[in-house]
1. From the helices alone, meaning DSSP H stretches of at least four residues, give me the mean residue ellipticity at 222 nm for the chain, per-run term -39500 (n - 2.57), in deg cm²/dmol to the nearest 500.
2. Could you check what % of the DSSP bridge pairs in segment 1-148 are antiparallel, to the nearest 5?
3. Ranking 70, 59 by Cβ neighbours within 10 Å, fewest first, what do you get?
4. For segment 109-168, what class follows from the C-alpha gyration tensor (a ≥ b ≥ c being the square roots of its eigenvalues): rounded when a/c is under 1.5, otherwise prolate if a/b is larger than b/c, else oblate?
5. Quick one: order 48, 93, 183 by neighbouring beta-carbon count within 10 Å, fewest to most.
6. Among 131, 154, 45, rank each residue by its count of other Cβ atoms within 10 Å, from fewest to most, as a rough exposure measure.
7. On average over all directions, what projected area in square nanometres does the chain have, based on the convex hull of its Cα atoms?
8. So what's segment 24-63 giving for Cα Rg divided by 2.2 N^0.38 Å, two decimals?
Ligand SMILES: C[C@@]1(CC(=O)O)C2=NC(=C\c3[nH]c(c(CCC(=O)O)c3CC(=O)O)Cc3[nH]c(c(CC(=O)O)c3CCC(=O)O)/C=C3\N/C(=C\2)[C@@H](CCC(=O)O)[C@]3(C)CC(=O)O)/[C@H]1CCC(=O)O
Ligand SMILES: NC(=O)c1ccc[n+]([C@@H]2O[C@H](COP(=O)([O-])OP(=O)(O)OC[C@H]3O[C@@H](n4cnc5c(N)ncnc54)[C@H](O)[C@@H]3O)[C@@H](O)[C@H]2O)c1
């Protein structure tokens with residue numbers, strides 16, 4: 001049974017800490033900022049890849065700290081993503097986060113994650129998150145590519161129009177619901 005409960009997080013309202021500045025740290029920071037360019041993210045690591053330095057030049061909300069992990073860095077953070085190449089440190093960070101009730105993702109170690117990052121399809125305001133319950137991130141990536149190809153760019157116009165209609169509709173909740181369901185019936189095959 002897949003018990004993952006999907007939610008869409010307003011990451012720009014939260015403080016996120018990423019530990020580890022290698023390939024995986026870069027991948028996770030890129031995932032965060034490509035969804036929310038203004039999200040406040042701090043990355044702590046003794047060595048930090050050049051691509052992350054470039055990203056920090058483009059995003060003043062990305063702060064780089066050149067230091068090894070210390071529990072003090074957890075203070076003030078809502079989410080933590082762990083991406084070091086030291087399994088013992090990763091497990092320690094997870095334990096420190098659990099003690100502080102901070103949600104933690106240890107990239108590449110599903111058993112230590114409170115949440116997974118997903119593959120994200122973006123078409124304007126439409127966003128679809130894909131997870132395989134940790135079974136195959138590569139499948140999730142491929143499926144994202146398929147959906148990106150088949151979803152038309154005109155979707156945004158449809159969403160804008162539906163929002164206009166939604167805002168203009170008068171009547172009680174039930175009447176509005178019926179009208180919106182009627183209008184969107186054409187979407188059903
Ligand atoms: C979706 C995506 C989001 C993102 O990272 O932003 C994501 N992984 C992506 C790519 C990817 N990751 C890996 C490969 C190499 C091929 C392979 O191994 O399959 C590729 C493919 C590639 O890069 O092409 C390596 C890998 N990843 C995990 C393990 C450990 C394990 O499975 O045990 C290993 C093996 C490590 C090892 O060998 O030691 C674990 C996780 N990866 C997840 C997410 C979570 C589950 C998501 C789900 O439920 O499906 C979870 C559980 C935790 C987490 O990381 O949050 C992103 C695609 C973004 C996109 O392009 O759309
Ligand atoms: N890159 C991948 O696609 C991939 C695939 C499978 C598994 N992994 C695993 O994921 C882990 C991370 O991979 P990577 O490619 O990003 O490794 P990497 O070697 O590129 O980066 C590791 C980073 O962790 C930092 N680090 C080490 N000790 C630290 C500490 N105490 N505090 C803070 N930061 C610390 C290092 O300075 C470095 O920036 C590794 O264990 C690797 O085996 C990576």
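Values quoted throughout were computed directly from the atomic coordinates according to the rules given, and no laboratory measurement underlies them. Note that the structure is a prediction, hence the values are computed from the model and not measured. Note that we place each Cβ from the backbone using ideal geometry, even for glycine, and neighbour counts take in every protein chain shown.
1. Details: 6 runs with 75 residues, N = 189.
The per-residue figure over the chain is -12500 deg cm²/dmol.
2. Details: 5 of 22 bridges.
The answer is about 25 percent antiparallel.
3. Values: 70 10, 59 17.
By the 10 Å Cβ count, ascending: 70, 59.
4. Working: a/c = 5.16, a/b = 2.04, b/c = 2.53.
Verdict is oblate for segment 109-168.
5. 183, 48, 93
6. On the way: 131 16, 154 10, 45 21.
Listing 131, 154, 45 from fewest to most nearby Cβ atoms yields 154, 131, 45.
7. Numbers: hull surface 56.0 nm².
Value for the chain: 14.0 nm².
8. Values: Rg = 9.1 Å, N = 40, 2.2 N^0.38 = 8.9 Å.
Cα-based Rg divided by the globular estimate yields 1.02.
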